Amino acid sequence: MTDGGAAGPWEADVLRALRDLAAVVGPALAPPGHHERLQSLVDAARDAFASQACSIALLDPDEQTLTFTVAAGVGATSTVGLRVPVSVGVAGWVVSSGQALEITDVTQDPRWAADVAEQTGYLPRSILAAPLETEHTLIGVVEVLDRDASRPGAERDLLMLSLLAQQAALSVESARLFTDSGRMLLDAIATAGGTELESLSSAMDDVAADRSSPVDPDLAELGSLLARLAAAGLAERRLAVRLVADVLDYADGRATP
Amino acid sequence: MTGVLPAWSWQFARGHLPSVAALPAELPLTREWAWGGATGAGVKVAVIDSGVDGAHPAIRGVAGGVAVEVDARTGRTTLVEGPHADLYGHGTACAGIIRRAAPECEIYSVRVLGARLSGRAAAFVTGLRWAVDNGMHVANLSLSSGRASQFATFHRVADEAYFAGTVLVCAVNNIPVPSYPSEFAAVLSVAARAGDDPFDYDYNPDPPVEFGAPGVDVDVAWTGGRTIRATGNSFACPHVTGLVARLLSKHPGLTPFQVKTVLHALASNARAVPTPG
């Protein structure tokens, strides 16, 4: 494509081939070992705290629900896949307030353990929980049930759990960035390979407009703009880079007035 | 003589400047002077949290409430006045502790949790500004934000509160991450220490956490009329809030820095300094 406009005949063939490939590969896209990394985190935490169980729940995109994704110890099998609202329980409180929490005797108010007891049938006595979040995103919560609080060094458990939570949060965030970027590109390629569409730019526009697409519409629109920018002049591209960098600096609170 | 005045000097012009009340006390300050016989009556306390269950026997009613809602699409916040529930029990726990030191203070619930999660910081700032704009004498913030992008906003709001005369009492996070506005000098920052006497607290000469108050294995009011035992900096914070409310009911009109001066002087680890001469 010489001017960002209609694709030539052989280019259309390449796009269609890429479309077919993308349609197959796209949905399976995820960085290798991500789930295993989270599983090993909860396995390690369960052991380090000498606890009955440890689990991580991730916040759904609707921000109304937490889904338990990995678990170790008592009731692990029943815990994975469990969904709880953010408006109740320890997990909900921790992700809503961003505060780590320790309840030494949850049996005085069992609703705090509702997320666990509901389906695993296991009502813990103590819960230690910390939020998973990064500078920009709320991700979820890690819970440790019935840890041995009498072992040496246990007074630092909240700190240790928060360090583990940070690791998990970074792992989830990087996996999502990988997945989102990759899917956006593949989705656009798959769309561009269709017989109706002629350019990558308009393909990105379509992805952005498609509300049922799993791709973030803002990222897709950005992709469309980048595709158009590729056909623009050097000065326009440099200006665009400067503007986007300034926006990010401002968002990070580092903007100079 | 020059006719030029630098910025702000016009406020100090004779005939323009009002007088201010000096701290109405003799040294050394005593607890009897500060809050002996006081009940918190007439002091407006905002609990900025998950809501407050006014029906709990330890709370015995709230004077008013406002809930902050966040629009999912625009991120804009709106205030919904009127009664609301405590979603988790945390706000009720804080209100119950405040009542111990200031049984007759007026508690206002400012619910900033339970709204859209990623609008949390905006809800927090809106709730804080409501407290300042509505003449709260003291606000209990058992929450904080750790986001670098929120530093400037929270700093500005904390200073607004300070100059408006609303004392902000803030818990630092339970884990050692940044806590805004808790770490700022314009607020009273609080962390937990052992003990259960609400009048027993310490001043830390090595800030940013300035006050230590009971927050380990504390019995706190909870939803459903219950009482549970919990640990956290967020339970130490209302201990100090209650003392501030008690102090202000006996000595209304103290500025936030006067309040901090009094609390500093009456801390359990404060020692008398011999006067010279």
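Projected onto its three principal axes, the C-alpha set of region A:39-171 covers 40, 31, 25 Å, listed from the longest axis down. Using only alpha carbons, chain B has a radius of gyration to Kirkwood radius ratio (Rg to Rh) of 1.00. In plain terms, the residue of B:His90, A:His35 with the fewest other Cβ atoms within 10 Å comes first and the most crowded comes last, giving A:His35, B:His90. Charged side chains reduced to their Cβ positions (Lys and Arg at +1, Asp and Glu at -1) give region B:1-151 a dipole of some 380 debye around its Cα centre.
Over all other residues within a Cβ to Cβ distance under 11 Å of A:Val172, the charged ones net out to 0, with Lys and Arg as +1 and Asp and Glu as -1. Computed over region B:20-167, the P(r) tail beyond 21 angstrom holds 47 percent of alpha carbon pairs.
When the alpha-carbon atoms of region B:84-243 are used, the pair Rg, Dmax equals 14.6, 40 angstrom. Taking GluC sites (Glu not before Pro) in DSSP loop states with no more than 15 other Cβ atoms inside 10 Å as exposed sites, chain B has its longest site-free stretch at B:105-277.
With each label modelled as a point 7 angstrom along the Cα→C-beta vector, the B:Val80-A:Ser181 pair spans 4.0 nm. Look at the dipole of region A:37-141 built from charges on Cβ: of A:Phe49, A:Thr67, A:Ser96, the Cα furthest out on the positive end belongs to A:Phe49. Remark: region B:108-258 carries a charge dipole of roughly 620 debye about the Cα centre, counting +1 on each Lys and Arg Cβ and -1 on each Asp and Glu Cβ.
Throughout, read-outs are computed from the coordinates displayed, never taken from laboratory work. Bear in mind that the values here come from a model prediction, so they are computed numbers and not experimental data. In this analysis, Cβ positions are derived from the backbone assuming ideal geometry, glycine residues included, and neighbour counts consider all displayed protein chains.
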